[in-house]
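Since the structure comes first, as structure tokens, the remarks are kept for the end.
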Amino acid sequence: MTTAPARAGWRFRQPSVIPGFGLTLGFSLAYLTLIILIPLSGLIWRSAALGWVDFWAIATDRRTINALRISFGTAFIAAVVNVVFGTLVAWVLVRYRFPGRRIVDAMVDLPFALPTAVAGIALTTLYAPNGWIGKLLMPLGIKVAYTPLGIVIALIFIGLPFVVRTVQPIMEEIDKEVEEAAATLGASRFQIITRVLFPGLAPAIITGFSLAFARGVGEYGSVIFIAGNLPYKSEIAPLLIVIRLEEYNYPAATAIAAIMLALSFLMLLIVNLVQTWSRKRYG
């Protein structure tokens, strides 16, 4: 006597030899609710209490728009730069063996361990008009400190490890034999990069970009020193929120924070959609 096979369909819980699904799921939902959902709900509720007219007045204020433009614009530029050079650093660490490689590998994680305020002070000391690098750039008409360019450099510094550590493990899984096989079949170096390496690295590169971008948008400590904090020129949105809090203007602070939340969610949603598309296309 044979039994009919069970119908394949969607299940809320897949069979597992490890017990405790209900407990772990409940803990996860409770943790996410307490740490993420409740604070965000409070922020949205406080912003909604302003009313649409007051909220729109704060959102369209020229100072608010400039601060948001600087925060998101510099974070985007820094993330793009980190994608290029972070992938290059990961390639060097994976594909080559050279003296001091482990030191270089450890230096990549330095922005993780270094306090952001210390990083900001160090970068300001280097790129100020009288700093070691700043005084060399001033005769060329390039001013870094107290400009949006300084903000980009600070965000590149703190965002590079996100790209390197995301791309590096995936790159280690790509066998050199695949590249050699493509070369023996007549593929050029450009074709090997674009048709052999990039399809496998694309999801990791997009993930690294999103992580670096998200970190850059909310970065505060390493930016306030080198930015100069000049309204309409180098003032970032997180600093404007702090200024409104110091003025006891809590509605304006929550409104700016809600706008940042909405824009960040929209940007990350777009990045995730692109990542999903790349995974379906390249596997």
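The values are calculated or read from the model by the stated rules, or taken from the named source; none is laboratory data. For clarity, every value in this text was computed on a predicted model and none was experimentally measured. Cβ: placed from backbone, ideal geometry, glycine included. Neighbour counts: every protein chain shown. For accessibility, only protein heavy atoms count, side chains too; no ligands or nucleic acids. Shrake-Rupley method; radii C 1.70, N 1.55, O 1.52, S 1.80 Å.
Loop-located GluC sites (Glu not before Pro) across the range 178-259 with a Cβ neighbour count of 12 or fewer within 10 Å are GLU247, with loop assigned by DSSP. Over the chain, Cα pairs under 8 Å with separation of 6+ residues give a relative contact order of 28 percent. For TYR146, the residues whose amide H sits under 5 Å from its own are ALA227, GLY228, ignoring neighbours fewer than 5 places away on the same chain, with H placed 1.01 Å from N. On the basis of the beta-carbon distance and an R0 of 25 Å, PHE27 and ALA49 show a calculated FRET efficiency of 0.20. For ASP54, ASP105, the ranking by accessible surface with the largest value first comes to ASP54, ASP105, using a 1.4 Å probe. Which shape class, rounded, prolate or oblate, goes with the chain when its Cα gyration tensor gives a ≥ b ≥ c as root eigenvalues, a/c under 1.5 marks rounded, and past that a/b bigger than b/c marks prolate? The shape class here is oblate. Annotation: peptides 133-145, 63-75, ranked by per-residue average of other Cβ atoms within 10 Å with the highest first, follow the order 63-75, 133-145. Bridgeable lysines around LYS143 (alpha carbons under 22 Å apart, same-chain partners fewer than 8 residues away excluded): LYS135, LYS233. What the phi angles of the range 137-154 give under the Karplus curve with 6.51, -1.76 and 1.60, with θ = phi - 60°, is a coupling list of 8, 4, x, 8, x, 9, 10, 9, 5, 6, 9, x, 4, x, 5, 4, 4, 5 Hz, glycine and proline written as x.
For the range 19-166, the relative contact order works out to 29 percent when only alpha carbon pairs closer than 8 Å and six or more residues apart are counted. Explain nothing, just the number: relative contact order of the range 141-273, from Cα pairs under 8 Å at least 6 residues apart, as a whole percent. Computed over the range 141-273, the figure is 33 percent. Coupling constants for the range 171-188 follow from the phi torsions by the Karplus curve (6.51 cos²θ - 1.76 cosθ + 1.60, θ = phi - 60°), and in residue order they are 5, 5, 7, 7, 6, 5, 4, 5, 5, 5, 5, 5, 5, 5, 7, x, 6, 7 Hz; glycine and proline get x. Nonpolar atom fraction for the range 120-256, defined as the carbon and sulfur part of the 1.4 Å probe accessible area, stands at 66 percent. Relative to one another, the C-alpha centroids of the range 230-268 and the range 37-73 are positioned 7 Å apart.
Rounded to whole numbers, the Karplus 3J(HN,Hα) couplings from phi for the range 73-87 are x, 5, 5, 5, 4, 4, 5, 5, 4, 5, 4, 5, 7, x, 5 Hz, using 6.51 cos²θ - 1.76 cosθ + 1.60 with θ = phi - 60°, and x at Gly and Pro.
At a probe radius of 1.4 angstrom, the accessible area of the chain per residue rounds to 62 square angstrom. Please identify which residues in the range 160-202 have an amide N closer than 12 Å to a label point set 7 Å out from the Cα of MET107, following the Cα→Cβ vector. Hits in the range 160-202 for MET107 at 12 Å: none.
Sorted on the mean count of surrounding Cβ atoms within 10 Å across their residues, most packed first, peptides 24-34, 79-89 read 79-89, 24-34.
Were the residues from LEU230 through VAL274 laid out at 0.36 nm apart, the gain over their Cα-Cα distance would be 12.3 nm.
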